[in-house]
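Novice: Questions regarding the structure given below will be posed in turn.
The values are calculated or read from the model by the stated rules, or taken from the named source; none is laboratory data. Predicted model only: the values in this text are computed from it and were never measured. Virtual Cβ from ideal backbone geometry, glycine too; neighbours counted across all protein chains shown.
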Amino acid sequence: MKERSFHDRIHTIGRLTVICALVSFMAVPFVLAMVNHIPMNIPQILQNAFPILLTFSISGICENLSFMPIIGSGALYMACVTGNVSNMKVPAAVNAMEVAGHAPGSEKADVVAMIAVAASTFVTTAIVFLGMLFLAPIFAPVYNNPFLQPAFQNMVPALIGALLFPYILKAPKQAIVPIILPVILIFVVGRSFFSSNQSYIMVGVIVLSALYSYGLFKKKIIG
């Protein structure tokens, strides 16, 4: 019997892990609905979930295609299940490979990347758990302060803007369409229509941005 390669075993374990994770994630809302006797309108759920699925399917495929050659398939399986891939798991894996002195793509580099992603997952989970136990009660009065409430309500847009700014500096020419086009659409179609259909608009902006970047590449404006 032919012995299976390292990558074949990784893909087998990774696929089983992803399937188990998906079943577990989906089981939570269904089990809670059954226990609390909450009716589930499946057509309405699918209608609301479709634009989100469409948007994140595109970004998920692009992330997997771009990250797999860098950190390896095993680390990518773990990173996709545990989340925060681009901001934490990939930097941890890349830094670990650099410290260990292994080039991406080798089996040793893949093993190092898997260990780094696993360690990052344990550390972040422990920090979040300890913060939930000890820091949440301390900061609860701050969160509930009426004077500070507007700031906390706009925390997500502020964080996204801060995370987005370095990418704009790296590729200002490519950032024109994905930034300017949604702003123009808000004034043209109105905030209410934009908010109700932002998932579909996001997909259109992603496609147009990709075509725009491809046009810049073909004209050799970007490398």
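Novice: Criterion first (part of a loop (DSSP other than H, G, I, E, B) and under 28 Å from residue 202 (Cβ atoms)) does residue 40 satisfy it?
Specialist: So residue 40 passes the test.
Novice: Tally time: how many residues in region 196-222 are of a type in the set (Lys, Arg) and assigned to a helix (DSSP H, G or I)?
Specialist: Step one: list which residues in region 196-222 are of a type in the set (Lys, Arg), which gives 218-220.
Those left that are additionally assigned to a helix (DSSP H, G or I): 218.
Result for region 196-222: 1.
Novice: If residue 117 meets every condition in (1) touching a residue at least 12 places away in the same chain (Cβ under 8 Å); (2) on the phi > 0 side of the Ramachandran plot apart from one, which number is that one?
Specialist: For residue 117, the exception is condition (2).
Novice: Restricting attention to region 192-218, which residues are at pLDDT 85 or above, of a type outside the set (A, V, I, L, M, F, W, C) and farther than 18 Å from residue 56 by Cβ?
Specialist: 192, 212, 213, 214, 215, 218
Novice: Next up: Does region 17-30 include one or more residues that are in contact with a Phe, Trp or Tyr (Cβ under 9 Å, 6 or more places away or on another chain) and outside the structural domain of residue 106 (by TED's automatic domain parsing)?
Specialist: yes
Novice: Report yes if some residue within region 95-114 is under 23 Å from residue 21 (Cα atoms), under 16 Å from the mean Cα position of the chain (by Cα) and modelled with pLDDT of 90 or more; otherwise report no.
Specialist: no
Novice: Only residues in region 168-186 that are assigned by TED's automatic domain parsing to the domain that holds residue 214 count as the first member; pair them with residues that are outside any helix (DSSP H, G or I) and surrounded by 12 or more Cβ atoms within 10 Å (Cβ to Cβ), Cβ under 6 angstrom, at least 6 apart or cross-chain, and list the lot.
Specialist: 168/175
Novice: For region 171-195, which positions are part of a helix (DSSP H, G or I) and of a type in the set (A, V, I, L, M)?
Specialist: 176, 177, 179, 180, 181, 183, 184, 185, 186, 188, 189 - these are the residues of region 171-195 that are part of a helix (DSSP H, G or I) and of a type in the set (A, V, I, L, M).
Novice: Go through 149, 153 for me and flag whichever is over 26 Å from residue 67 (Cβ atoms) and within 22 Å of the chain's Cα centre (by Cα).
Specialist: 153
Novice: Right, another one. Just checking: which of the helices (runs of 4 or more DSSP H) contained wholly in region 48-156 hold 2 or more residues that are surrounded by 15 or more Cβ atoms within 10 Å (Cβ to Cβ), polar (S, T, N, Q) and not assigned by TED's automatic domain parsing to the domain that holds residue 203?
Specialist: Once the helices (runs of 4 or more DSSP H) in region 48-156 are filtered for at least 2 residues that are surrounded by 15 or more Cβ atoms within 10 Å (Cβ to Cβ), polar (S, T, N, Q) and not assigned by TED's automatic domain parsing to the domain that holds residue 203, what remains is 73-82, 107-130.
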